[in-house]
Structure formats: C-alpha cells, structure tokens
Protein chains: 2
Amino acid sequence: MLRARGGWQALRCCASLPRARRAARLRVREALEAREPAGEVKVQGWVRSVRSQKEVLFLHINDGSSLESLQVVADPSLENRDLTFGSAVEVQGELVKSPHKMQDMELKAEAIRVVGPCDTWLFPLKMKERHPLEYVRQFPHLRCRNNTLSSLLRIRSEATAGIHAFFQDNGYVHIHTPIITSNDCEGAGELFQIETSNEGRESTEKSHFFNVPAFLTVSGQLHLEVMAGAFTRVFTFGPTFRAENSQSRRHLAEFYMVEAELSFTESLQDIMQVMEDLFKTVTTTVLSKCPRDVELFHKYIAPGQKDRLEQMLKTKFVTISYSEAVEILKQASQTFTFKPEWGCNLQMEHEKYLVKHCGEVPVFVINYPYDLKPFYMRDNEDGPQHTVAAVDLLVPGIGELCGGSLREERLPFLESRLQRLGLTDAYQWYLDLRKFGSVPHGGFGMGFERYLQYILGVGNIKDVIPFPRFPHSCLL
Amino acid sequence: MLRARGGWQALRCCASLPRARRAARLRVREALEAREPAGEVKVQGWVRSVRSQKEVLFLHINDGSSLESLQVVADPSLENRDLTFGSAVEVQGELVKSPHKMQDMELKAEAIRVVGPCDTWLFPLKMKERHPLEYVRQFPHLRCRNNTLSSLLRIRSEATAGIHAFFQDNGYVHIHTPIITSNDCEGAGELFQIETSNEGRESTEKSHFFNVPAFLTVSGQLHLEVMAGAFTRVFTFGPTFRAENSQSRRHLAEFYMVEAELSFTESLQDIMQVMEDLFKTVTTTVLSKCPRDVELFHKYIAPGQKDRLEQMLKTKFVTISYSEAVEILKQASQTFTFKPEWGCNLQMEHEKYLVKHCGEVPVFVINYPYDLKPFYMRDNEDGPQHTVAAVDLLVPGIGELCGGSLREERLPFLESRLQRLGLTDAYQWYLDLRKFGSVPHGGFGMGFERYLQYILGVGNIKDVIPFPRFPHSCLL
C-alpha cells in the first residue's frame, strides 16, 4: 500500500522546474480543501500529533494555513525518533480521499523527512493539551504554535484586511499618521517620551534629536484633521500608545486604533452610522472568512457569544444621550461605587449597567458635558446643561469600544477654548486649519484589540495582540 | 439659464431622508465620471480657481477624490467676496454635459454657499501657482491641499492597499509586529529609547515603565521569524525608526517598511521572486488605479520616468553576486571615492555604477561577505571567500530598495555566532526557535518611501510621507 518511489532525490529533480515545483507543493489548507485525489504532492508543516499503531502510523500536520490539520497515513517503517510533537516535517505522498468520516482528504506518505526536530521535554506546549491562555502567554515566542493563538492571528489578519477593504470600498484615503509627534499637550502624564539612546541623562532641550521634546502618539486624530482639509474621507489604522500604569484586562501600553475623519459633516448621526457600518461589515467579513477559527473561540472561550453576535448584527444600535444615561443610572436599583451625577464621567460600572439596561446590545451615548471633553469637540451651545457633540460606543462585556465627535470648526470658539487652556501657541497650526477653508467635520476611533476581544469573547486584551506591551513587561 | 430653485432651505428638507440625501450629494470624482445629466445635485469641495467674467462666473472645485477639479458655471450674481481660492463651498445645481472640450461634465450652479472662507493673503498656497516641493514642505498642515501632495497621498493610499492585497492574495498572514521592543543589541547607536515623560532624569533601570530599557523597532524581522515557526507565510507593514543623524534625501527617522518571511524555503531565489512579484504587482496596481495622479509626477517631477517604469515592468530583474559586483567595479574606468575591495560594503557610488552597468534596471546583488552581515543570515559555508545568503535589491536613482536573506536555522551555527558576539543571553528566545521544530526560512524588507520615490521619481524622501520626521524636525 505504501510505496517509496524515488524519495527526495526524485523530487529534487522535478523541483528544478518552477511550475512542477509549485504543483508539487501544497499548503495544508489546500490539501484539506482538495476534493479529488491530487496525485503526488509534498506537504510541509509542524507535527500536531503522532499515533503509532502496529499496522499504520498516523500523523497530523499543520502549517498555520488553517485550524485543521492534515492527516498523514504512513507505514510504521517510516517512523523515526525525531518524528515528535512540534517537529517540522516534509511529507511526500499521494493526496487521496479519506475513508474516515472526520476528514475529506488524507495524505498517504511515501517519504517523511524531519526538517527540524523538537525537544518535547523542553518544549512548553504539550500534545493534545488545551493550555490556558494565561499559560501560553508566558511564551510569546512560541505561543503562536498553540491552536487558540494561531486562530487568533488568522482572525486578526482577516479583520485587518476587512478594515482596509471597508474604507477603500467607501472612498476613504488611507493616511499614515505619524508615530512620533511633538504634540504633548493632551494628557501629558500618560505619554511615552523619546530620546536617542545615547542622549543620556545630561541631555538638554537643545540636544534633543528633533530639537523639541518628542512623544509617541496617543491618537492620529489631529493629523487626520489636517487631511480632512483636503480630502472628504480619510482613515488611519496604526499603533497608538499610553504610558498608563494600569494592569487592567482592557489596557495595553501599545495598541492599535482605527480612526476615520469625515469632512462636510454636520451631524453626529453620520459619524455614528459609519461606526456601526464599519463594525457590522468587518464582523460579517471575519465570520465568513474564518468560520472555524471563530468557532474555536465561541466554543471553548466564550460559549454563547456566537448567538449574541449574530443577534447584534441584525439589531440597530441603540442611541441615548448622556443626560438620559445619567437619569437611567440615577433611577437604577443597583448601588454604584461612583454615584451617578450629571457632569461626572461614566465609570465602567455605569457603562455595564447602561448596556444591560438597553438589552445587552451596543449603545451610543451622545452629547457629553462640555467640561468633561477635550478642546476640539464641537460646542452644542445648548446651555444651561452645556454639552459637546461627542459620542462613545459602549458594547457588552467591554465598555467603551469607540469614541468620536464633531470637531469645533469655528475659529472664534476654538480660539477662546485654546486661550483658556493656555495652548494657543502650541496649536497655531490647528487654528490655521480653521482659517483657510474650514469645514464642518467629525470622526471617531475604534480600539482594534477591544474589537477583537468583543467579537471573540476574550477576557484579557493581552491575548488578542501578537506581542503585548504593558507595565513591567516588554518581552522580545 | 441659471435659476434659484428654493436654495438651501429646500435642500435641507429633502436631506431629512437619508437616501435622498446620499443621492443629492456627489463627490467630485463621481461628478466628473458621470457621463449623463444627473439632475439636481450638491457638490462640496475647496475652490481651486475663480474666474469672473461679465456674463458668467467660473469656479473649479476639488474635494481630494481626484486630481481633476469640477467646473462650476454660475450667474455672476452668485459671486460674493468670500468666494476665493482656498475657500470651502457647497454648490447646488444641475450636473450637465459640458460644451467645452476640456471636460465631459460641468455643474450649473443654482446656489453657492461658502462654508469656510479663506484668507488668501495669509494662505501660503496661491492660485494657479506650481509651488516647488521644498516650498510646500514648510507647511505640513496645509500642503495636502497642493495638487502634487494630494496626488502623492492618493497614490500612497493605493500602494498601501495594493501591498495588503498582494500578500493576502498569496496566502500570507498579516502580523502587527511590535513598535516598542526590548531588543537593543543590533546597531545600538541608532536606536530611539523610550521613557515615560515623568520618569525624568533621575530614573534608574528599575524604574523603567517596562522594567527594562525599551526602544523603537528598527525592523519587524525577528518577530516575524517567531511567526514563521507557526505559519508558512507572514508579512508586516508598519513604521520603523532610525535615530541616524543624517540629512540625506533617502533617510527619515520614521519610515514604513514592508517585511515578509517565508518558511520551508531553502533558496534565496524564492525570496527574490517574491520581491520582484511584489514590486511589479503593486506598481501595476498603482498605475492602473491612479493614472492621472502618477501622470502628474511623470510629467512635471520626473520626465521620462513613465517609459523607464513601463520598460522595467516588462524586464526580468538582473542578478549578480557580490563577488561579481566587486569585479565589475574593479574593472570600471570610473574612479570611486571608496576603492572597491572584496570584503567592503558597497557604497552609494558603487550601487549607482552597478545599476548603470546592468542597463538601468533593478539589480539583485547576492551572497555578501559573512563578516559584513548580521548574525542571523545563513552561512553559505563556501570559504575561503566566506559568504552568507543575503540579497540587496538596487534600483536606478535610489540604490538599495530591499534587503533580504535566508536566516540561519541551524542551532549550532547560530549559537556559535551569538556566543562570539556575547549575545547568547539576550537571544535565548531566538535560539529557542531553532530548538523546537526549526525550518529553513528567509525573508526581506522593502522601504515603502523609497519605493514611492522610485516609481514616481521624487528626489527627496520627505515629499513621499505625510508627516516627515528627521533630525531637528518633528513638526505637528
């Protein structure tokens, strides 16, 4: 049944023709999807399981192209002591229909080569063990070889592509907003500052590489606003940073944000519509592109999340005003640690209650108190309860997923606010945008990791990013 | 001919229906592409020219959706003193076939509203002036409203989408490699270091936010190699940093790199094939998606570049070895500032000569001296002229565009090199990758800004990125 036809040497010869070579090589996913016998192929991957029986040797190999592994059936004579869990192999053989119910295709091995052995004793991942996420988090250089993390990374990749596609399909121009910025005025306590590594302790302002203190960006918004003076729709999708000393399950020092800015927009509803469309379109894409990977999360990590997500995709998001939200909280039977009061920030406990109150669906909260929000948000001129045209999107289990606003495009309003803050000089360039063809505009940002946490039901943000950075930890 | 039917008030009413509103609003690009009269529309944008005649008022408005502006024809009675170059306007009217040869469609205005006036006296951009790139560079917050820069940004956006599409179509998993890293061993002099802004001068190692010194990434390669232990094809496309004190036309402190890593790859040619395919596919996409924007560069910035680029797309890239390159340079009639010698780095002048020698086409130079290259490149074991499996891609006018290599996947080789460099402890995690299912692999990086410089023929790298960061400059 299992013949050895020429082995690797024969394959090397045919490999000199690039076309033959491509045909001879199959990714595991393609092998699994093949419905017809494909003749002589070579498949490469890492061994996920080895089962040696008297008559036959079973392997499962995986190359990261899909959650499922390809079953390899071989003569026991092909076994060798390096053929262990975690080792890298090349298997040459025939792709045939499988007699087993569990899979369509299997590979009848003619030759197996161990490309890279794996010391299973030292390797922290073990065969057929469902390691907890906390466990694999200790091994940032190896955890991608765990099923949960490799599914996560495929989903993250598809979601990234989906976000780019959404904006491109809707006529947005993609902008690389800068990572290093000299804007230091907003929330200065949470910024990372940059020095050249040889500037040393005795450096003075003048000796800064950029001549001025420079920081890691906390948002691309102000730079997107520059672009909103030339394009009607722009977006950015890149890393942002907070030097917050928080060990929360929702915070990272380095995380990704999707931000969009729309010109000639006078209504907060237009911004909210884009937020909702983005969320639903990308989620639908991810669900259709990696159903098996998402299923793993919905089965083992967050049972019930699948139905909740599908329900949510069919439902229009709820909108309430900040003032309504405070009234709802005041009338709640629940006792809060922070007493709800008009003019105070909504706390995590408040956000959770509001989402529950609205039926565990995403909730837009709009029109926040003027005094709570940054200088660039548009004054609603609605005193005595003075508000700005701001919006936060709260989602079940996470809290704030997106934040947005209309921006103050009126020069006199912006000038007087910056003056009161003593920021007029630092923001001359920002005021300039209002002097030369200013337009009503607005935008929003969505935390990409929180988005992934939400759709997959992952409790800790460290498990949805390849290399998490947080206080006291910057591994690799 | 020009009636005023109800004006803005009427439009506001119809705007309450979202569908009617969408139909009523047209982007400039759509307006230009409409071949049939479209009835009542509203178009928004910034005024690019105003020409007032006795009988008729001509405007050109642009909203960044295309290089071309839409011609607006209005009754002189609609003119007002705020209707100037640079002002933002909403024009309501009828989209009709134009009697002029220059354009297909024009907008017969019924109402014109100046949304945001522009002080033309203070506005640094002037009507119908072709400002040099050096001039507009002084105004990073306004230069996107210049034709050349807005074309550049549309091209950059399309190229970004093209790069994502290329890798996605070829089965690569996108990875967000970290921006902040604790890897400090490679080229330590050129790193930016990170501190929290309140760590201050008296901070000690222990007080670091991450407990360890942290730096801005110079490359995602090592982190991609982690992923190449679980996926056969991965890529990243993000910002990278160099604290180099160079005022060159080819260097930035913050720039973008496309990096890919391929597992189960034993041949440098496979890597080079991906480099060539990426380059040609993305360039073809850009040329077909924004022909007019590219044309602007090929007409005014780099005459002749169009033909050279088209020729290049049809030509197979040339490959020479480093040793051949040195021989070619030694036999050159030209005198070099740096004498070409086996074992020395190729200088800019050498790269230029080699590209010229090969017929002004892209040239792969492969197999560099072992002692010139970093520890992770694969030993060719080809003494006495000991080389590694490295490749640089040199292109006309730019020099090095891409660099890549096979990586040393063999544990003993890597161990001895790291030991010699005293880096064994710092790179334990990297050695681990060779202990647990190591596979032959390799990859490359392409400088995105240099890519744009090359295809567009832009001399200064500061003109192909939205917000350039370089020594002594970090505007905005």
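Could you please let me know if B:ILE461 is surrounded by 21 or more Cβ atoms within 10 Å (Cβ to Cβ) and either farther than 30 Å from A:TYR430 by Cα or within 13 Å of chain A (Cβ to nearest Cβ) (or both)?
no
Residues of the stretch B:314-337 being in contact (Cβ under 8 Å) with a residue 12 or more places away in the chain, more than 30 Å from B:VAL464 (Cβ to Cβ) and out of contact with any strand residue (DSSP E or B) (no Cβ under 8 Å at 6 or more places or on another chain), which ones?
Hits for the stretch B:314-337 are B:VAL326, B:ALA332.
Would you confirm whether or not the stretch A:402-424 contains a residue that is in contact (Cβ under 8 Å) with a residue 40 or more places away in the chain, buried (at least 16 other Cβ atoms within 10 Å of the Cβ), touching a Gly at 6+ places or on another chain (Cβ under 7 Å) and over 30 Å from B:GLN44 (Cβ atoms)?
No: zero hits.
Which of the residues spanning the stretch A:314-340 are assigned to a loop (DSSP other than H, G, I, E, B) and aromatic (Phe, Trp, Tyr)? Break it down stepwise before answering.
Start the filter on the stretch A:314-340 by keeping residues that are assigned to a loop (DSSP other than H, G, I, E, B), which leaves A:315-317, A:331-340.
Residues satisfying the conditions are A:PHE317, A:PHE336, A:PHE338.
Residues of the stretch A:149-158 being open to solvent by 10 Å² or more (accessible area, probe 1.4 Å) and touching a residue at least 24 places away in the same chain (Cβ under 8 Å), which ones? Spell out how you get there, then give the answer.
Pass one, the stretch A:149-158, residues open to solvent by 10 Å² or more (accessible area, probe 1.4 Å): A:154, A:157-158.
Correct list: A:ARG154, A:GLU158.
Between a first residue in the stretch A:435-447 that is modelled with pLDDT of 95 or more and a second residue that is of a type in the set (Lys, Arg), which pairs have beta carbons less than 6 Å apart while being 6 or more apart in sequence or on different chains?
As it stands, the answer is A:HIS441/A:ARG407; A:GLY442/A:ARG407, since those pairs meet every condition given.
So, of the residues in the stretch B:184-194 that are within 7 Å of another protein chain (Cβ to nearest Cβ) and open to solvent by 20 Å² or more (accessible area, probe 1.4 Å), which turns out to be modelled with the highest pLDDT?
If we take residues in the stretch B:184-194 being within 7 Å of another protein chain (Cβ to nearest Cβ) and open to solvent by 20 Å² or more (accessible area, probe 1.4 Å), then B:GLN193 is modelled with the highest pLDDT.
Looking at (1) among the aromatic types (Phe, Trp, Tyr); (2) within 26 Å of the chain's Cα centre (by Cα); (3) within 14 Å of chain B (Cβ to nearest Cβ), which one does A:PHE444 not meet, given that it meets all the others?
Here A:PHE444 meets the rest and fails (3).
Do any residues in the stretch A:159-171 that are closer than 15 Å to A:LEU262 by Cα have Cβ atoms under 7 Å from those of residues that are among the aromatic types (Phe, Trp, Tyr), where the two are at least six apart or on different chains, and which pairs are they?
Partner pairs satisfying both residue conditions: A:PHE167/A:PHE235.
What about A:LEU456, is it over 10 Å from the mean Cα position of the chain (by Cα) and surrounded by fewer than 22 Cβ atoms within 10 Å (Cβ to Cβ)?
When the stated conditions are applied, A:LEU456 does not pass them.
Residues that are aromatic (Phe, Trp, Tyr), away from chain B (no Cβ under 14 Å) and out of contact with any Phe, Trp or Tyr (no Cβ under 9 Å at 6 or more places or on another chain): does the stretch A:409-419 have at least one?
If we filter the stretch A:409-419 for residues that are aromatic (Phe, Trp, Tyr), which is where we start, we get A:413.
Filter again for away from chain B (no Cβ under 14 Å), leaving none.
No, that holds for no residue.
Condition test on A:HIS251, is it open to solvent by 10 Å² or more (accessible area, probe 1.4 Å) and on the phi < 0 side of the Ramachandran plot?
In short, yes.
Counting only residues that are part of a loop (DSSP other than H, G, I, E, B) and open to solvent by 10 Å² or more (accessible area, probe 1.4 Å), which one in the stretch A:218-242 is farthest from the other protein chains (Cβ to nearest Cβ)?
Ranking the qualifying residues of the stretch A:218-242, first place goes to A:SER219.
Can you pull out every residue in the stretch A:124-146 that is part of a helix (DSSP H, G or I) and surrounded by fewer than 19 Cβ atoms within 10 Å (Cβ to Cβ)?
Across the stretch A:124-146, the qualifying residues are A:LEU133, A:GLU134, A:TYR135.
One line per residue, one yes/no per condition, for (1) within 30 Å of B:ILE155 (Cβ to Cβ); (2) without any contact (Cβ under 8 Å) to a residue 40 or more places away in the chain; (3) not in a loop (DSSP other than H, G, I, E, B):
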| site | (1), (2), (3) |
| --- | --- |
| B:GLU295 | yes, yes, yes |
| B:HIS298 | yes, no, yes |
| B:ARG308 | yes, no, yes |
| B:MET312 | yes, no, yes |
| B:TRP342 | no, no, no |
| B:LEU354 | yes, no, yes |
| B:PHE375 | no, no, no |
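Out of the stretch A:140-178, which residues are more than 7 Å from every other protein chain (Cβ to nearest Cβ) and basic (Lys, Arg)?
A:ARG143, A:ARG156 - these are the residues of the stretch A:140-178 that are more than 7 Å from every other protein chain (Cβ to nearest Cβ) and basic (Lys, Arg).
Which one of these is touching a helix residue (DSSP H, G or I) at 6+ places or on another chain (Cβ under 8 Å), more than 25 Å from A:SER157 (Cβ to Cβ) and not in a helix (DSSP H, G or I): A:GLU36, A:GLU40?
The unique qualifying residue is A:GLU40.
Could you tell me whether A:LEU452 is aliphatic (A, V, I, L, M), modelled with pLDDT under 95 and farther than 25 Å from A:TRP342 by Cβ? Write out each step before concluding.
On the way: aliphatic (A, V, I, L, M): yes; modelled with pLDDT under 95: no; farther than 25 Å from A:TRP342 by Cβ: yes.
For A:LEU452, the condition - aliphatic (A, V, I, L, M), modelled with pLDDT under 95 and farther than 25 Å from A:TRP342 by Cβ - is not met.
Those residues that are assigned to a strand (DSSP E or B) and surrounded by fewer than 21 Cβ atoms within 10 Å (Cβ to Cβ), I need them from the stretch B:72-89; list them, please.
Matches in the stretch B:72-89: B:VAL73 only.
Filter the stretch B:356-371 for residues that are buried (at least 19 other Cβ atoms within 10 Å of the Cβ) and part of a strand (DSSP E or B) and give the result.
B:VAL363, B:PHE364, B:VAL365, B:ILE366, B:ASN367, B:TYR368
Taking the condition in contact with a Ser or Thr (Cβ under 7 Å, 6 or more places away or on another chain), within 11 Å of another protein chain (Cβ to nearest Cβ) and open to solvent by less than 20 Å² (accessible area, probe 1.4 Å), does A:THR265 pass?
For A:THR265, the condition - in contact with a Ser or Thr (Cβ under 7 Å, 6 or more places away or on another chain), within 11 Å of another protein chain (Cβ to nearest Cβ) and open to solvent by less than 20 Å² (accessible area, probe 1.4 Å) - is not met.
Between a residue in the stretch A:40-54 that is within 14 Å of chain B (Cβ to nearest Cβ) and in contact (Cβ under 8 Å) with a residue 24 or more places away in the chain and any residue that is open to solvent by 10 Å² or more (accessible area, probe 1.4 Å) and among the basic types (Lys, Arg), which pairs come within a Cβ distance under 7 Å, given they are 6 or more apart or on different chains?
A:LYS42/A:ARG25; A:TRP46/A:ARG145; A:SER49/A:LYS128
Conditions: (1) of a type in the set (D, E, K, R); (2) within 22 Å of B:GLN221 (Cβ to Cβ); (3) within 26 Å of the chain's Cα centre (by Cα). B:GLU349 meets all but one. Number of the miss?
Every condition holds for B:GLU349 apart from (2).
Can we say A:THR284 is more than 15 Å from A:TYR454 (Cα to Cα), more than 14 Å from every other protein chain (Cβ to nearest Cβ) and open to solvent by 10 Å² or more (accessible area, probe 1.4 Å)?
Judged against the criteria, A:THR284 is not a match.
The values are calculated or read from the model by the stated rules, or taken from the named source; none is laboratory data. This is a predicted model, so every value here is computed, not measured. Neighbour counts run over all protein chains shown; Cβ positions are idealised from the backbone, glycine included. The area values use the complete protein model at the heavy-atom level, side chains included, leaving out ligands, DNA and RNA. Shrake-Rupley method; radii C 1.70, N 1.55, O 1.52, S 1.80 Å.
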